[in-house]
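Visitor: For reference, the structure I am asking about is given below.
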Amino acid sequence: KKGRERMDGVVLVVVDLTKGFLYGVGDDPVGYVIEKALNELKPRKLLIDVFGASTEGNKWEDLNPQSPEVQQLLLAFHQFVLNRDWKCEAIVLCPNLSHCETRHKSPLTPSDVFYLSFGDQGSSPSIDFRFEVSQEGPRFHPVNFAPGIKPESIARDSNLSNLLLQVFQNAKRGINRELDPSPSPSRFEKVILGGTFDHLHAGHLLLLSCSTLVSSSQVHIGISGDALLKNKKFGDQLEPFDKREAHVREIVLTMNPNIDLHTFEIQDGYGPTITKEDLDCIVGSEETQSGCLKINDIRVEKNWNKLVIIIVGLLWTPPALW
């Protein structure tokens, strides 16, 4: 018997592309199934998983995570959920985990699985490789999309299916980086990022998603220590370090249970980026871009390699949350 209890409020959406990707103009089956899960169950955590290949033969696990299409899709997933339920944490799972030799388990156990398939009706997805299923097993909600089987339309702001198709059509394409135009691999062995990560919100989740996706091995996350935040505005309302660290670890290890994750306390804006030479890539936001450039200036002065800088786009906050 499985020993874990089902975690109500944790919902997994699976997009199965193994039998093709069929939809008409104006349709968005990917957006439809995500919205269906949000509306019916109001989850506190929504896990999004895509697997399979496109008609062009490009595989989801072969995508270049730095490509503009992938970055836009990642942002769109989080924006889509934020627009509908800002309290729900959207977690986009990294591809290719089913092929990992070491199969660690996610910290989360989904209570429900919404399973989107195309063409013939799909069967229950195999999720054992990623999740340790509870004794009861997840509740299964199949959604089939095929000619003649068309679900009702959804909000007009939804374009997830089109963006997903663009990812497949440009799977091998690299990103055009203005910050560092030099050639680089699509994934990096040692990726680093930093932040306060207080009361995790959609922007944090997007940053963690990108960092985990572009890493082939290690993710190093510096989290602002309590002493560094003592003079911050509303500092008395911040979560303690241990709680922030635990939440970050839960999210990243759900995205990719096989990642070599290092979390640690930092007391300045640089952390180990200027004391540890053996790093490859830094992920930041538009707000921290100048700090990333300053880090590279210091590394150059030390005759160290410059870090490849990846800047994650900003999410738009719906007016209802202003």
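The values are calculated or read from the model by the stated rules, or taken from the named source; none is laboratory data. Treat the numbers as computed from the prediction; the structure is a model and nothing was measured. Cβ: placed from backbone, ideal geometry, glycine included. Neighbour counts: every protein chain shown. Side chains are part of the model used for accessible areas, which takes the heavy atoms of the whole protein and leaves out ligands, DNA and RNA. Shrake-Rupley method; radii C 1.70, N 1.55, O 1.52, S 1.80 Å.
Visitor: So which pairs qualify, if the first residue must be in segment 26-47 and closer than 13 Å to Val113 by Cα, the second must be open to solvent by 10 Å² or more (accessible area, probe 1.4 Å) and part of a helix (DSSP H, G or I), the Cβ gap must be under 6 Å, and the two must be at least 6 apart or on different chains?
Guide: Close Cβ pairs (under 6 Å, with a partner that is open to solvent by 10 Å² or more (accessible area, probe 1.4 Å) and part of a helix (DSSP H, G or I)) amount to Leu38/Arg84.
Visitor: Restricting attention to segment 200-219, and to residues there that are within 13 Å of the chain's Cα centre (by Cα) and not in a helix (DSSP H, G or I), which single residue is nearest to Arg244 (Cα to Cα)?
Guide: His201
Visitor: Here's a follow-up. Taking the residues in segment 22-42 that are over 16 Å from Leu73 (Cα atoms) and outside any helix (DSSP H, G or I) as candidates, determine which candidate is modelled with the lowest pLDDT.
Guide: Of everything passing the filter in segment 22-42, Val25 is modelled with the lowest pLDDT.
Visitor: For segment 253-279, what are the residues that are closer than 20 Å to Ala90 by Cβ and modelled with pLDDT of 95 or more?
Guide: Answer for segment 253-279, where residues must be closer than 20 Å to Ala90 by Cβ and modelled with pLDDT of 95 or more: just Leu261.
Visitor: Within segment 259-292, can you find the residues that are under 13 Å from Val219 (Cβ atoms) and in contact with a helix residue (DSSP H, G or I) (Cβ under 9 Å, 6 or more places away or on another chain)?
Guide: Ile259, Leu261, Thr263, Phe264, Leu279, Cys281, Ile282, Val283
Visitor: Now, a different point. If I filter segment 177-184 for residues that are open to solvent by 20 Å² or more (accessible area, probe 1.4 Å) and at pLDDT 75 or above, do I get at least one hit?
Guide: no
Visitor: Within segment 68-78, how many residues turn out to be within 18 Å of Pro29 (Cβ to Cβ) and crowded, with 22+ Cβ neighbours inside 10 Å?
Guide: Counting residues in segment 68-78 that are within 18 Å of Pro29 (Cβ to Cβ) and crowded, with 22+ Cβ neighbours inside 10 Å gives 2.
Visitor: Filter segment 294-314 down to residues that are in a loop (DSSP other than H, G, I, E, B) and open to solvent by 40 Å² or more (accessible area, probe 1.4 Å) and give me whichever is modelled with the lowest pLDDT.
Guide: Here the answer is Leu314.
Visitor: Please tell me if Asp120 is outside any loop (DSSP other than H, G, I, E, B) and either surrounded by fewer than 22 Cβ atoms within 10 Å (Cβ to Cβ) or at pLDDT 80 or above (or both).
Guide: Against the criterion (outside any loop (DSSP other than H, G, I, E, B) and either surrounded by fewer than 22 Cβ atoms within 10 Å (Cβ to Cβ) or at pLDDT 80 or above (or both)), Asp120 does not qualify.
Visitor: Oh, and also: Does Thr317 satisfy the criteria of being surrounded by fewer than 17 Cβ atoms within 10 Å (Cβ to Cβ) and closer than 22 Å to Leu75 by Cβ?
Guide: It is true that Thr317 is surrounded by fewer than 17 Cβ atoms within 10 Å (Cβ to Cβ) and closer than 22 Å to Leu75 by Cβ.
Visitor: Right, here's the next one. Determine, yes or no, whether Gly291 is outside any loop (DSSP other than H, G, I, E, B), without any contact (Cβ under 8 Å) to a residue 24 or more places away in the chain and touching a strand residue (DSSP E or B) at 6+ places or on another chain (Cβ under 9 Å).
Guide: Here the answer is yes, as Gly291 does meet what is asked.
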